[in-house]
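K.L.:
Below: one structure in structure tokens.
The values are calculated or read from the model by the stated rules, or taken from the named source; none is laboratory data. Note that this is a predicted model, so its numbers are computed, not measured. Methodologically, a virtual Cβ is constructed for each residue, glycine included, from the backbone with ideal geometry; neighbour enumeration extends over all protein chains shown. Surface accessibility is based on the protein's heavy atoms, side chains included, excluding ligands, DNA and RNA. Shrake-Rupley method; radii C 1.70, N 1.55, O 1.52, S 1.80 Å.
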Amino acid sequence: MKSWIILTVVLLAIAMVGTADARRTRLYPDSQESNKTQPQHRPSNYYSRPVLPAMAQPAAPTAPADPVVDIAQPPAPMSEEDAAKLKAHEVSMTRDNPAPTPEDILGSATTVPLGRSSGGLDGADATEANYRMRQNFSDFMDNAYIRAEGGQSEEGKPHLLGSFAHGFGPISAEYVYTGEVFTNTRGGIRTKDSAVYMGLFEMIVLGDVEKMGCIGEAIGGSVFLYALNAHGRGISEYYIGDTQVISNIELPAEAQIFQMEEFWWERSFLDDLVSVRLGKSDANYDFAVVEVAGDFCNSSFGFHPTIPMPSYPDAAMGVVLHFQLTENLLFRYGLWDGAASGKTWGFSGTGETFAMYELERTWEIHGKPGEFHVGLWEHTGTFENPINAAITYRGNHGLHLGGEQMIVRESRCGDDGQGLAIFGQFGWSPQERNEVQKYIGAGVVYLGLLPQRDEDVVGLGMARVEYSDLFPRAMAETTIELFYKAQVSEFLMIQPDFQYVCSPGGTSRDAFAVGLRFELLL
């Protein structure tokens, strides 16, 4: 009840100050501190590293139709005055801020032979664009937001289905199909007939409300609709027995679902210093997210096992507030229905609520970005003792930490953020009312490790959960994952994945799962 009262007061205050002028010029500003507010490609994996919308390079000056330059002829000698002007501008020739072309310096009337292209980003934008660890679907989703804002998608890439299926005007639609085959080669519950297939089809619709007529101009903001169809059979429940779950698209048992997973409206106020999101949403969309870990298949690298948050496939009705305190400091608050099913409109009718509070700090060291966040959560529901269901507790709580840092950045100009990054995570919850009391995750990710494979991602990570001390035998479960995600074409990604699970469920024999995942961008 206290959370709802606080929330009501905050919303009223925002509504009073935000009516002056509150339109967000872009859904996601080009700033590192806000780079987590974008949708990700997998519901339970919303931690996938989003990337700012691709920054289009300014077009190079159009060459005159004639005269035609004969490159066989030596260039005309340059005057002393023009040579002095060129010399004075050589000091500006840096990687992030290339020097102007001779045409820019001397004027378009000056005739010079083939020269340096004047295209490129300015220093600040180049730094922002280059350091991002790109992820294919995140870029794909960014393009949808750009189109929803009336812009052009990255590099004008065509769609597999053609542009006719991807919206019109202020509305944009995107589709992705993820499929995977996993098998257990040893240990766990059993290995016989353990090769299973799991698939997930996702449809995302985005809209710029302000461009939807007079009423839209008054309301402002953006709308987001997200529907999914999950089918197949996961490997963890029947063959591995692990708590952390091998795949982040796996469903309990053999559930087949087709539902509207999320739908919400979002608007920013006060020049993007405050933003509000209302509707059915996934808490893992913004909170407890380590972006660089986004391509791992194991659920724990994105979904903390210690946090009972409303997430895939059970998003819930709620509100999320973002407060940009300083350029590099962001505070988030979220409040959701605490017991909703994803098959409903987001309400459970139980009166239970789930709240999260998170503070995020970002920085950049010699062109290498970093981020750290700390958060608290609380749940007002009833929780059973892990070993005695007759004992119940009212309410639950916990904390989480996470951070990431790029430590090696390739120095090639325009490398799109290629390099090596590390990350770490920690979660805690009280052991008397939670099966998992601690979670620790860490790993390394390299974008563009191999020559001529700039879009490929390779990662190695470790995720460990420690069970409640109340369990007589189960102590901990540790998973080590290695993957290589290859961009086969602009539409298709293929990802071999290997996971070694030490003591699945805390008691079973060590297991080794091998899988192959693909993502098809439609």
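K.L.:
Put +1 on the Cβ of every Lys and Arg and -1 on every Asp and Glu Cβ in the range 331-463; which of PRO430, ILE407, MET356 then has its Cα farthest towards the positive end of the dipole?
P.N.:
PRO430
K.L.:
Where in the range 295-378 are there chymotrypsin sites (Phe, Trp or Tyr not before Pro) that are in a DSSP coil and have at most 16 other Cβ atoms within 10 angstrom of their Cβ?
P.N.:
TRP345, PHE347
K.L.:
Once amide H atoms are placed 1.01 Å from N in the peptide plane, what residues at a sequence separation of 5 or more from ALA476, or on another chain, have their amide H within under 5 Å of its amide H?
P.N.:
TYR467
K.L.:
Shape verdict for the range 177-300, please, from the Cα gyration tensor: rounded (a/c under 1.5), prolate (a/b greater than b/c) or oblate.
P.N.:
prolate
K.L.:
Net charge within 13 Å of TYR484 by Cβ-Cβ distance, Lys/Arg positive one each and Asp/Glu negative one each, not counting TYR484 itself? Walk me through the intermediate numbers first.
P.N.:
Working: positive: ARG453, LYS485, ARG517; negative: ASP295, GLU455, ASP456, GLU481, ASP497.
With Lys, Arg at +1 and Asp, Glu at -1, the neighbours total -2.
K.L.:
Highest mean first, how do 177-183, 378-384, 275-281 rank when packing is the count of other Cβ atoms within 10 Å averaged over residues?
P.N.:
Highest to lowest by the protection proxy: 275-281, 177-183, 378-384.
K.L.:
Could you sort CYS297, CYS214 by accessible area so the largest value comes first, with the probe set to 1.4 Å?
P.N.:
Most to least solvent-accessible, the answer reads CYS214, CYS297.
K.L.:
Could you work out how far apart the two model spin labels at ARG509 and GLU364 are, taking each label as a point 7 Å from the Cα in the direction of the beta carbon, and quote it in nm?
P.N.:
Modelled inter-label distance: 5.3 nm.
K.L.:
Run the quick spin-label model on ALA389 and LEU401: label points 7 Å from Cα toward the beta carbon, then report their separation in nm to one decimal.
P.N.:
3.6 nm
K.L.:
Same structure again: Can you sort SER489, SER299 by 1.4 Å-probe accessible area, starting with the largest?
P.N.:
Order by accessible area, largest first: SER489, SER299.
K.L.:
Label points 7 Å out from Cα along the Cβ direction at VAL181 and ILE494: separation in nm?
P.N.:
Result: 1.2 nm between the two label points.
K.L.:
Net charge near PRO430, counting Lys/Arg +1 and Asp/Glu -1 over other residues with Cβ under 15 Å of its Cβ?
P.N.:
So the surrounding residues net to -3.
K.L.:
Further question: Going by a ≥ b ≥ c, the root eigenvalues of the Cα gyration tensor, does the range 175-217 fall in the rounded group (a/c under 1.5), the prolate group (a/b larger than b/c) or the oblate group?
P.N.:
Details: a/c = 8.40, a/b = 5.36, b/c = 1.57.
It comes out prolate by the Cα gyration axes.
K.L.:
Still on this structure, I have one more. Around THR353, which amide H atoms from residues at least 5 apart in sequence, or from another chain, sit under 5 Å from its own amide H, with H modelled in the peptide plane?
P.N.:
Result for THR353 returns GLY338, THR380, GLY381.
K.L.:
I've got another one for you. Find how many whole Å separate the alpha carbon centroid of the range 212-233 from the alpha carbon centroid of the range 267-319.
P.N.:
So the separation of the two Cα centres works out to 16 Å.
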